[in-house]
Amino acid sequence: MEKMRRTMMFVPGNNPGMLQNAGIYGADTIIFDVEDAVSIGEKDSARHLVAEAIRTINYPCEVAVRINHISTPYGYKDLEVILPSHPDLIRLPMAQSADEIKEIDGIITAAEEKYGFEPGSIKMMAAIETPKGLFNAQAIAEASPRMVAIAIGAEDFIANLKTTRSKDGSELVVARGHLVLAARAAGVQVIDTVFSDVNDEEGFIAEVKRIKQLGFDGKSVINPRQIGIVHDIFMPTEKEIEFSKRVLAAFKEALAKNSGVISLDGKMIDKPIVDRAERVLAYAEAAGAR
Amino acid sequence: MNVLNRPGQCGTMESNDLMVQVAPAEQGSGIAITLVSPMIKQYGKQIEAVVKATLQEMGVADALVQVTDKGALDCTIRARVRVAAERAMQKEAN
């Protein structure tokens, strides 16, 4: 079963208190940020702090690092300092082409070899934050077998579109839809952008429901308060869980009987319904409800 | 062997962090640490040992070090000392 990434929580990379407590809030993934959350003069201290924290603290969840882009003076150094600590995932911001992903993949491969890590054990994801990146999203997602997800970074994207962010997110409808299609075509997960106003719970709930319906696998969050809300919304209903269990039982029975066609309550059950049932139960299990 | 060329500083005065200032010292004078910490009685020796070991790993033998600890974990101490020393090794201020 693929790893759940309902919530990916950003944690500022130069704050020791936040780094040491980041694992306790129940996010599926924590992303230590050495990019936008860190001022230019503190890039060196943040990357060392993050590397030491990953090496020392036993986090109960997936640990990712958002590095600076390799076109900045900081990206390569981030990788040099952070990769020896073996993060689970490297997140590239502002991804625009498959070549960038391939280059970072090569650097990670060399580090895995040098430090004796299992080949392929450090995963990658990329944030799409420009129209050019959006048009290349599928190629970006397919650029390396390390790629597990693509995400949309809305603030930069909207600035590039020359519009502003609204409550109903109408300016992002096309981009979000395109990104979901690109991710599904490439077979990776797709993660939505952050919702910056942590005090607007109503707006946050509406946005999470919207992106779940669009097909997103999860959402980037910036505050522990947002984690429970996302997990609740991604939690299947009792009815869905019950139906999914019956679908899988019928599927199993059909397999045992070597029967090609599955029927449940007089309705035909085919492959997409079985896949969906598996997905529902995986979400239920992640929420501890199975 | 790595020599410090100028004073270098890293860290903050926020809780769970520490402020490290390192400065060049005369060759052969060793690593001299001045520590201020609310936990000095319990962890003073441990903090000094981590500071010293980090500098020695970096090949720094002589340094004047001022540490103001705000309850930092060892991993934070190592990171802050390393960066303060790296900054002090630079020939010119950035």
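The values are calculated or read from the model by the stated rules, or taken from the named source; none is laboratory data. Every value quoted in this text rests on a predicted model; they were computed, and no experiment measured them. When we count neighbours, we look across all protein chains shown, and the Cβ atoms used for this are built from the backbone with ideal geometry, even at glycine. For the accessible areas, the whole protein counts, side chains as well, though only heavy atoms, and no ligand, DNA or RNA atoms are used. Shrake-Rupley method; radii C 1.70, N 1.55, O 1.52, S 1.80 Å.
So which residues in region A:79-90 are within 14 Å of another protein chain (Cβ to nearest Cβ), among the aliphatic types (A, V, I, L, M) and farther than 13 Å from residue A:13 by Cβ, if there are any at all?
none
Looking only at residues in region A:56-78 that are more than 8 Å from every other protein chain (Cβ to nearest Cβ) and part of a helix (DSSP H, G or I), the one that is surrounded by the most Cβ atoms within 10 Å (Cβ to Cβ) is A:78.
Screening A:277, A:249 for residues that are surrounded by 15 or more Cβ atoms within 10 Å (Cβ to Cβ) and either within 31 Å of the chain's Cα centre (by Cα) or assigned to a helix (DSSP H, G or I) (or both) leaves exactly one candidate, A:277.
Among the residues of region B:1-33, those that are part of a loop (DSSP other than H, G, I, E, B), without any contact (Cβ under 8 Å) to a residue 60 or more places away in the chain and of a type outside the set (D, E, K, R) comprise B:12, B:13, B:15, B:25, B:27, B:28, B:29, B:30. For region A:91-105, a residue qualifies if it is open to solvent by less than 40 Å² (accessible area, probe 1.4 Å) and either free of Cβ contacts under 8 Å to residues at least 40 places away in the same chain or in a helix (DSSP H, G or I) (or both), and the qualifying residues are A:92, A:98, A:100, A:101, A:104, A:105. Considering (1) outside the structural domain of residue A:96 (by TED's automatic domain parsing); (2) open to solvent by 10 Å² or more (accessible area, probe 1.4 Å), the lone condition that residue A:215 does not fulfil carries the number (1). Scanning region B:41-52 for residues that are open to solvent by 40 Å² or more (accessible area, probe 1.4 Å) and under 14 Å from residue B:22 (Cα atoms) yields B:48, B:52.
Taking the numbered list (1) in contact with a helix residue (DSSP H, G or I) (Cβ under 9 Å, 6 or more places away or on another chain); (2) of a type outside the set (Ser, Thr, Tyr); (3) facing another protein chain (nearest Cβ under 9 Å) in turn, residue A:18 passes all entries but (1).
Working only within region B:10-26, note down all residues that are aliphatic (A, V, I, L, M) and open to solvent by 10 Å² or more (accessible area, probe 1.4 Å). Step through it out loud before you land on a result.
Step one: of region B:10-26, the residues aliphatic (A, V, I, L, M) are B:13, B:18-20, B:22-23, B:25.
Scanning region B:10-26 gives B:13, B:19, B:23, B:25.
State whether one or more residues within region A:40-55 are surrounded by fewer than 24 Cβ atoms within 10 Å (Cβ to Cβ) and part of a loop (DSSP other than H, G, I, E, B). No - not one qualifying residue is present in region A:40-55. Checked against the criteria, residue A:25 does not count as surrounded by fewer than 19 Cβ atoms within 10 Å (Cβ to Cβ), closer than 21 Å to residue A:114 by Cβ and either aromatic (Phe, Trp, Tyr) or not assigned by TED's automatic domain parsing to the domain that holds residue A:12 (or both). Counting only residues that are out of contact with any helix residue (DSSP H, G or I) (no Cβ under 7 Å at 6 or more places or on another chain), without any contact (Cβ under 8 Å) to a residue 60 or more places away in the chain, within 14 Å of chain A (Cβ to nearest Cβ) and not polar (S, T, N, Q), how many does region B:51-94 have? The number of residues fulfilling the criteria is 4.
Looking only at region B:16-35, count how many residues are acidic (Asp, Glu) and within 14 Å of another protein chain (Cβ to nearest Cβ). It would help to see each step written out before you state the result.
Step one: filter region B:16-35 for residues acidic (Asp, Glu), giving B:17, B:26.
Remaining after also requiring within 14 Å of another protein chain (Cβ to nearest Cβ): B:17.
The total comes to 1.
How about region A:146-178: which of its residues are out of contact with any Pro (no Cβ under 7 Å at 6 or more places or on another chain) and among the small types (Gly, Ala, Ser)? Matches in region A:146-178: A:149, A:151, A:154, A:159, A:166, A:169, A:170, A:175, A:177.
If the condition is being of a type in the set (Ser, Thr, Tyr) and within 10 Å of residue B:75 (Cβ to Cβ), then region A:37-59 contributes only A:56.
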